[in-house]
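Engineer: First, the structure itself, so that you have it in front of you.
The values are calculated or read from the model by the stated rules, or taken from the named source; none is laboratory data. As the structure is a prediction and not an experimental result, all values here were calculated from the model. Virtual Cβ from ideal backbone geometry, glycine too; neighbours counted across all protein chains shown.
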Amino acid sequence: MPRFFISVPPADTAVITGEDAVHIGRSLRMRPGEQLTLCCLGTDYSCEIESISSDEVRCRVLAFAPSETEPRLKLTLFQALPKSDKMELIVQKAVELGVSRIVPVLTARCVSRPDAKSLEKKIARWQKIALSAAQQSGRGLVPEVSGAVSFEECLALASEQERAFFCYERGGESLRSADLSETSTAALIIGPEGGFEESEAQAAEKAGLTLTSLGKRILRCETAPLAAIAAVMLKSGDL
């Protein structure tokens, strides 16, 4: 069933406008009487189309329930900015795997350092990718891609979570030993192509983060977050 996100919970009816309305009418060629799902803040609304115009779709709410696809664990991915378009893949797959938020981070070895205007455009692009991935994977909400933060800000934000894992290529505790069955919030910190500097790992440990190993093999910066997210979701019972 087609799935679309809305920002305000509907009452008896819901009105869809903009690009989604055009997509429903022109691309999907849906008609009155057909059903679709509207998602808002983790709730799914089963709806029936009442009318369609060139720029508006009006629906009647049939039923609603919490989205069964949303993970219990609220996981934030702090991803050091990679080169090229690697972040697009990371955002897409991270959303599919269940993260709740993605935060770009500028670390010492980040080669990619876009100016403020370029970064703003990139974040807008990543947020659109997150929306598309959420629709495709049946998520109940669209994870936020936030503005970029410094490494120091990353440590402060990550330490606010119940558990925070600093994935370090020089070793640390295995995610196999992590008990996340009762954990409600967690953070993963992933480095750039060149990895983290030793001083950054020391700062993370001092901030209370758990230095974590992803195994004996060196993973690419676009592979590491996906492996780590999958492992955390498995340990939390969300995979």
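Residue-by-condition table, conditions (1) within 16 Å of Leu77 (Cα to Cα); (2) surrounded by 13 or more Cβ atoms within 10 Å (Cβ to Cβ):
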| site | (1), (2) |
| --- | --- |
| Glu153 | yes, yes |
| Ala156 | yes, no |
| Leu175 | yes, yes |
| Ala203 | no, yes |
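Engineer: Okay, moving on. Is it the case, given these coordinates, that Glu56 is surrounded by fewer than 15 Cβ atoms within 10 Å (Cβ to Cβ) and either under 30 Å from Glu153 (Cα atoms) or of a type outside the set (A, V, I, L, M) (or both)?
Structural biologist: no
Engineer: Among (1) more than 22 Å from the chain's Cα centre (by Cα); (2) at pLDDT 95 or above, there is one condition Gln92 misses while meeting the rest; what is its number?
Structural biologist: (1)
Engineer: Between a first residue in region 216-231 that is closer than 16 Å to Ser174 by Cβ and a second residue that is hydroxyl-bearing (Ser, Thr, Tyr) and assigned to a helix (DSSP H, G or I), which pairs have beta carbons less than 8 Å apart while being 6 or more apart in sequence or on different chains?
Structural biologist: Between residues of region 216-231 that are closer than 16 Å to Ser174 by Cβ and residues that are hydroxyl-bearing (Ser, Thr, Tyr) and assigned to a helix (DSSP H, G or I), there is no close pair.
Engineer: Oh, and also: Has region 187-200 got at least one residue that is in contact with a strand residue (DSSP E or B) (Cβ under 8 Å, 6 or more places away or on another chain) and either assigned to a helix (DSSP H, G or I) or over 23 Å from Leu81 (Cβ atoms) (or both)?
Structural biologist: No: region 187-200 contains no residue that is in contact with a strand residue (DSSP E or B) (Cβ under 8 Å, 6 or more places away or on another chain) and either assigned to a helix (DSSP H, G or I) or over 23 Å from Leu81 (Cβ atoms) (or both).
Engineer: Next question, about the same structure. Determine which member of the set Ile129, Ile123, Ile102, Ile90 is in contact (Cβ under 8 Å) with a residue 24 or more places away in the chain, under 26 Å from Gln202 (Cβ atoms), in a helix (DSSP H, G or I) and not acidic (Asp, Glu).
Structural biologist: Sole residue among the options that is in contact (Cβ under 8 Å) with a residue 24 or more places away in the chain, under 26 Å from Gln202 (Cβ atoms), in a helix (DSSP H, G or I) and not acidic (Asp, Glu): Ile90.
Engineer: Sticking with this one: Among the residues of region 201-214, is any in the same structural domain as Ile102 (by TED's automatic domain parsing), in contact (Cβ under 8 Å) with a residue 60 or more places away in the chain, part of a loop (DSSP other than H, G, I, E, B) and more than 15 Å from the chain's Cα centre (by Cα)?
Structural biologist: No; the residues of region 201-214 include none that is in the same structural domain as Ile102 (by TED's automatic domain parsing), in contact (Cβ under 8 Å) with a residue 60 or more places away in the chain, part of a loop (DSSP other than H, G, I, E, B) and more than 15 Å from the chain's Cα centre (by Cα).
Engineer: Pull out all pairs, ordered by first then second residue, where Cβ-Cβ is under 9 Å, the residues are six or more apart or on different chains, the first lies in region 24-39 and is part of a helix (DSSP H, G or I), and the second is of a type in the set (Gly, Ala, Ser) and surrounded by 18 or more Cβ atoms within 10 Å (Cβ to Cβ).
Structural biologist: none
Engineer: With Ser51, Ser7 as the choices, which residue is farther than 21 Å from Gly140 by Cβ and of a type in the set (Gly, Ala, Ser)? It would help to see each step written out before you state the result.
Structural biologist: On the way: Ser7 fails: farther than 21 Å from Gly140 by Cβ.
On inspection, the qualifying residue turns out to be Ser51.
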